Amino acid sequence: MTEFAILFFVWAGAALANATPLILVTLGETLGQRTGIINLGCEGAMLGGACAGFGAAMASGDPWIGMAAGAATGICFAALHAGLVLGAQANQLASGIAVWMLALGLTSYIGRAFVGGQVEPLPSVAGTWLAELPILGPGLSSLSIATPIALLLVLAAVWWLERTRSGLSWRVAGESAAVAAENGMSPIRARLCAVLLGGCLAGLGGAVLSVDYTQTWANEITKGRGLIAVGLVIVARWNPRLVIPVCLLFGLAETAALRLPAMGVELSSYVLSALPYAVVLAALVANHIAIRTGTAMPADLKKVFD
C-alpha cells in the first residue's frame, strides 16, 4: 500500500470517527424537520445525553449502559420540547432555546461529579468482519463499533422514510398538516414521534461523544455540535441521503485542525479551533442561492420563520 493510500485511510477513518456523533444528531434533526418541527434544543439533548451517558458508563463500567442512558436522556429533553410546541403551541425557536439552556445548566451542575472520571469505550471494529472488507477494511479497523451503527441507521432511515407508509405520513405532515389529516393521517402523532426520535438520536450522539470518542467529561463538551446539526440539515436539503457527506465536511475539517500542526503547518490555535465551524458556515453560504431558488424545505416548516 502506497504512502498516499495509507494517509488517505488514516484521514478518512479519523474524519468518520469525528463525524459519528454529528451524524446521529443530524439524522435525528433531519427527520424531525421533515415533519415540520425544528428543535434547537437538540444541542441540549446532545449535551444531556453526553452527561448522563458518561455518568452511567462510569458508574456501571459498561459503555452500552451509557449509550442507553444517553438516548433516554435525549428523549426526556425532546419530550419537553414536544410538550411545549405541540401541547402548549409555544414558539418552536423559543422552546428549543429554553430546552438547550435548561440542559446546559443541569449538566454544568451534575457533571461536576464526573470530572476526572474514566470509562471504557465501545468495542472496536478491529477483529470483526468489517475490518476484513477489501479496500475499506484498513480505514474501518481503527474505528469503534459506533461508526458503522450510525451509518446503518442513516441507511435504515432513508429506506423507512421513502419506502413505508408511516414514512410517507411523516413527509406529508411536514408539507401540510391539514392535508395529512384529510387523508386519515395524524400529523400530531407523526411530529411527536419525530421529535422524540430526534431527541433519542441526539442523546445517543452525545453519549458516543463523551463515552466513546473523548472518553471524558467537560462542561459544554458538545461545543455547539447540536446547533451545527441544525445548519447541516439545511446543507443536506432535508434529505437523509446527504447526512453522511455533509457531516463528513465537519469531520474532515476537525481532523485537519488536529493533524495540521503535527504536519508542520503553522497556524494560530484559534484559527484551527474555528476551522470546522468556518467550513460549515461556508457550506451554508454556498447552499444559500440553491435554497432560495429551489427550496426543499418542508412547507409547514417555513411557517416557523413567518
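The values are calculated or read from the model by the stated rules, or taken from the named source; none is laboratory data. Not measured: the values here are computed from a predicted model. Glycine also receives a Cβ, built like all others from the backbone with ideal geometry; neighbour counts cover every protein chain displayed.
The residue list ALA45, ALA12, ALA57, ALA50 contains one member that is assigned to a helix (DSSP H, G or I) and at pLDDT below 95, which is ALA12. Residues that are surrounded by fewer than 24 Cβ atoms within 10 Å (Cβ to Cβ) and either under 19 Å from the mean Cα position of the chain (by Cα) or not in a helix (DSSP H, G or I) (or both) occur in the range 103-114; there is at least one. Count, please, the residues in the range 212-235 that happen to be part of a loop (DSSP other than H, G, I, E, B), more than 13 Å from the chain's Cα centre (by Cα) and on the phi < 0 side of the Ramachandran plot. Number satisfying all stated conditions: 6.
Test TRP100 against the stated conditions and say whether it is assigned to a helix (DSSP H, G or I) and surrounded by fewer than 17 Cβ atoms within 10 Å (Cβ to Cβ). Walk me through it before giving the result.
Working: assigned to a helix (DSSP H, G or I): yes; surrounded by fewer than 17 Cβ atoms within 10 Å (Cβ to Cβ): no.
Answer is no for this residue.
One residue alone among ALA207, ALA194, ALA181 is free of Cβ contacts under 8 Å to residues at least 60 places away in the same chain and under 25 Å from ALA79 (Cβ atoms), and that residue is ALA181. For the structure I just gave you, tell me whether VAL280 is assigned to a helix (DSSP H, G or I), at pLDDT below 90 and surrounded by fewer than 20 Cβ atoms within 10 Å (Cβ to Cβ). When the stated conditions are applied, VAL280 does not pass them.
If you go through the range 167-198 and keep only what is assigned to a loop (DSSP other than H, G, I, E, B) and either surrounded by 23 or more Cβ atoms within 10 Å (Cβ to Cβ) or aliphatic (A, V, I, L, M) (or both), you end up with just MET185. Taking the numbered list (1) modelled with pLDDT under 95; (2) assigned to a helix (DSSP H, G or I) in turn, GLY117 passes all entries but (2).
May I ask you to verify whether ARG225 is in contact (Cβ under 8 Å) with a residue 60 or more places away in the chain, under 23 Å from GLY111 (Cα atoms) and of a type outside the set (Gly, Ala, Ser)? Judged against the criteria, ARG225 is a match. Inside the range 42-58, residues that are of a type in the set (A, V, I, L, M) and closer than 21 Å to ALA82 by Cα make up a count of 5. Only one of the listed residues (VAL208, VAL158, VAL271, VAL195) is modelled with pLDDT under 95 and of a type in the set (A, V, I, L, M, F, W, C). That residue is VAL271. In contact with a Phe, Trp or Tyr (Cβ under 7 Å, 6 or more places away or on another chain), loosely packed, with under 14 Cβ neighbours inside 10 Å and farther than 13 Å from GLY203 by Cβ, is that true of VAL119? Against the criterion (in contact with a Phe, Trp or Tyr (Cβ under 7 Å, 6 or more places away or on another chain), loosely packed, with under 14 Cβ neighbours inside 10 Å and farther than 13 Å from GLY203 by Cβ), VAL119 does not qualify. Considering every residue within the range 292-300, establish whether at least one is assigned to a helix (DSSP H, G or I), in contact with an Asp or Glu (Cβ under 7 Å, 6 or more places away or on another chain), at pLDDT 80 or above and of a type outside the set (Ser, Thr, Tyr). Yes, because at least one residue in the range 292-300 is assigned to a helix (DSSP H, G or I), in contact with an Asp or Glu (Cβ under 7 Å, 6 or more places away or on another chain), at pLDDT 80 or above and of a type outside the set (Ser, Thr, Tyr).
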